[in-house]
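Encoded as structure tokens, the structure appears first; notes follow it.
Derivation of every value follows stated rules applied to the coordinates shown; laboratory data play no part. On a predicted model such as this, the values are computed, not experimentally measured, just so you know. In this analysis, Cβ positions are derived from the backbone assuming ideal geometry, glycine residues included, and neighbour counts consider all displayed protein chains.
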Amino acid sequence: MRTGVKIAAGVVGAAVVGAAGLGAYNLVDAVADGGSGARTKAAPVPTGPPSASETERTARDFLAAWAAGETRKAADLTDNAEAATTALTGYREAAHVEKVAFKQGAATGAKVPFSVTAEVVHGKQRSTWTYDSSLAVVRGQTSGRPLVDWQPTVVHPELTEGRSLRTGTTQAAQITAVDRDGTELKVSDFPSLASVLPELRKRFGEKAGGEPGVEVRVEGGPAGSGDGQAKTLHVLSPGKPGRLRTTLSAAAQRAAEAAVAKHDDASVVAVKPSTGEILAIANAKKTEFNPALSGQTAPGSTMKVVTSALLLEKGKASPGKPLPCPKNATYGMTFHNVEESENPGATFAQDFAASCNTAFVQLAGQIPDDALATEARDVFGLGLEWKAGVPTFDGRVPTDSGAGKAAAMIGQGRVQMSPLNMASVAATVRSGSFHQPYLVDPALDGRELAKAPRALSPAAARDLRSMMRLTALSGTGAGAMAGLGGDVGAKTGSAEVDGQSRPNGWFTGYRGDVAAAAVVPRGGHGGDSAGPIVAAVLRAG
């Protein structure tokens, strides 16, 4: 019987709804309004800027939720809950912030400053990180609620769009770089090492016994924004610096720095012929690019050292053999000497010492097109893959024919070298064989140094040393090398460059077991511009 009542009531209800649709709605409204019979009107959505009290309360509630680890609650108090959730989660998980507290400051209009005290934990490292930030409170466009205007900078002022916070070990351990005798090498003392020391840190920090530090960093950024460089915001641990012994000589480096500083643009490198150890690297211009090691320009007549080695070994010339030096010579095109000098009765050694271009051009037809490139690679190691411990350009001598071959013989055309390459060329003559230049002992990281297929023939090495000595004592290098004494050798060069009113000045030479080469862009004659730089380094070495 009770069941029948329920069914009847249900039927009656359905009939009411079906018979009087509008009346049914009125009935519902009346029930909802407590039986008054009048419909409740929705409250109007607030507009206009949030009041001072709304701003203060919203900021307080947001910061309290963030501090309590209630990420979703904090995000719901912003006008972009999804983005806020991602950022606040990353703050806890990627930045490793275990606990955070805030001190809210007085609002200025809609802006509320606050200070942050964060406890960052990474492995065994724990540190307190403090900084200041701010937020702004705005009115929700649809809800009318006061909300935090979400921006990544709320988390940290450096956290701009597309960037993220991360706590982790540094990419490389710090190093204390020292010279061959244990003297510390600081950029403040040796400015030219500003681009070298970071590279050494990156490659050898941990191998030298260093331990990476732990840092909070801001990383990333939209493509093309210029914000891609990581920036350290807080250091949990500086790590342990490794001690890296280099092949540099503080005395030679100091002399090199002083010598290039006399020019607006100049570069020099010194090496030890018997081993290939790099003793000094200096550039007048202090930029990230290191022209002393990585420059790629025509070496001018300093290339005649390599060309002479080829001619001597092929039997096409000898020091005392007559080889006239005319004003002009033609091989594919017409070549001339500096100041159009000439010496009809010259010997090959005198041509070399006076840097006669035309004498060398006259012999271009007597050597195969690939002979100079082969000599440069097989004897002087040019173009092989050098592994110096820092980035280097390793020389380029392309195979060429016609005028290109003749130009290459005098260091023009497509031949390209750096001061490091030409210092190594002089060192190879001095020692008789190629020793790949290096800045850090290869035993530290197991590098295999480049090896030239063969040594310079003993007869050619002897003849070349005598010709370079003649150049240093009475040829074009005599002015720069005056007073050095001992076992010396030199070769000057002036490399013409399209669009330059003055050629680049080059000089390479050795004294005992130190060889060096320098270039002065637009310096003119190499003996006058680059020569004194090389002599200063040889004197110190």
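What to note about this one:
- As a proxy for reagent exposure, ranking Glu199, Glu161 by other Cβ atoms within 10 Å from fewest up yields Glu161, Glu199.
- Centroid-to-centroid, using Cα positions, the stretch 74-124 and the stretch 288-310 are 57 Å apart.
- Once you divide the Cα radius of gyration of the stretch 175-245 by 2.2 N^0.38 Å, the number left is 1.33.
- Folded to 0 to 90 degrees: helix 304-313 orientation relative to the chain principal axis, Cα: 50 degrees
- Think of the chain as having a plus end and a minus end, set by charges on the Cβ of Lys, Arg, Asp and Glu; of Gly295, Ile281, Thr85, Thr85 sits farthest toward the positive end of this dipole.
- Other-chain or far-sequence residues with amide H under 5 Å of Glu211's (modelled H): Gln174, Lys240, Gly242
- Principal-axis tilt of helix 458-474 within the chain, Cα atoms, nearest 10 degrees: 90 degrees
- Summing Cβ point charges (Lys, Arg +1; Asp, Glu -1) relative to the Cα centre of the stretch 250-540 gives a dipole of roughly 420 debye.
- Note that the stretch 511-517 has calculated 3J(HN,Hα) couplings of 9, x, 9, 9, 10, 8, 9 Hz, one per residue in order, obtained from phi through the Karplus relation 6.51 cos²θ - 1.76 cosθ + 1.60 (θ = phi - 60°); glycine and proline are x.
- Farthest positive-ward along the stretch 347-408 dipole, Cα basis, beta-carbon charges - from Phe360, Ser401, Ala388: Ala388
- Note on Asp181 and Gln104: their simple-model spin labels are 6.6 nm apart, each label 7 Å out from Cα toward Cβ.
- Simple label model, 7 Å out from Cα along Cβ direction - Thr130 to Lys321, nm: 8.2 nm
- For Arg126, no residue whose modelled amide H falls within less than 5 Å of its own remains once neighbours fewer than 5 places apart on the same chain are excluded.
- Helix 531-540 vs. the chain, principal-axis angle (Cα, 0 to 90°, nearest 10): 80 degrees
- Working note: Karplus 6.51/-1.76/1.60 with θ = phi - 60° gives the stretch 432-438 the couplings x, 8, 7, 10, 4, x, 8 Hz, where Gly and Pro are set to x.
- Centroid-to-centroid, using Cα positions, the stretch 158-185 and the stretch 463-505 are 42 Å apart.
- About the Cα centre, charge dipole magnitude for the chain (Lys/Arg +1, Asp/Glu -1 at Cβ), debye: 720 debye
- Residue order, fewest to most beta carbons within 10 Å, for Asp132, Asp498, Asp394: Asp498, Asp132, Asp394
- Over the chain, relative contact order from alpha-carbon pairs under 8 Å, at least 6 apart, %: 11 percent
- In sequence order, the stretch 85-98 has phi-based couplings of 4, 4, 5, 5, 5, x, 4, 7, 8, 7, 8, 6, 8, 7 Hz under the Karplus curve 6.51 cos²θ - 1.76 cosθ + 1.60, θ = phi - 60°, and Gly or Pro positions carry x.
- The ratio of the alpha-carbon radius of gyration of the chain to the globular-protein estimate 2.2 N^0.38 Å is 1.60.
- Amide H contacts under 5 Å for Lys99, placed H, 5+ residues apart: Glu119
- Semi-axis lengths (Å, descending) of the ellipsoid that matches the C-alpha gyration tensor of the stretch 52-157: 24, 15, 10
- Extended-chain gain in nm, criterion 0.36 nm per residue less alpha-carbon gap, Asp498 and Gln366: 44.7 nm
- Exposure proxy order (Cβ contacts within 10 Å, fewest to most) of Tyr438, Tyr510: Tyr438, Tyr510
- Full extension of the chain between Arg245 and Glu119 gives 41.6 nm of extra length, using 0.36 nm per residue less the Cα-Cα distance.
- Simple label model, 7 Å out from Cα along Cβ direction - Arg454 to Thr334, nm: 3.9 nm
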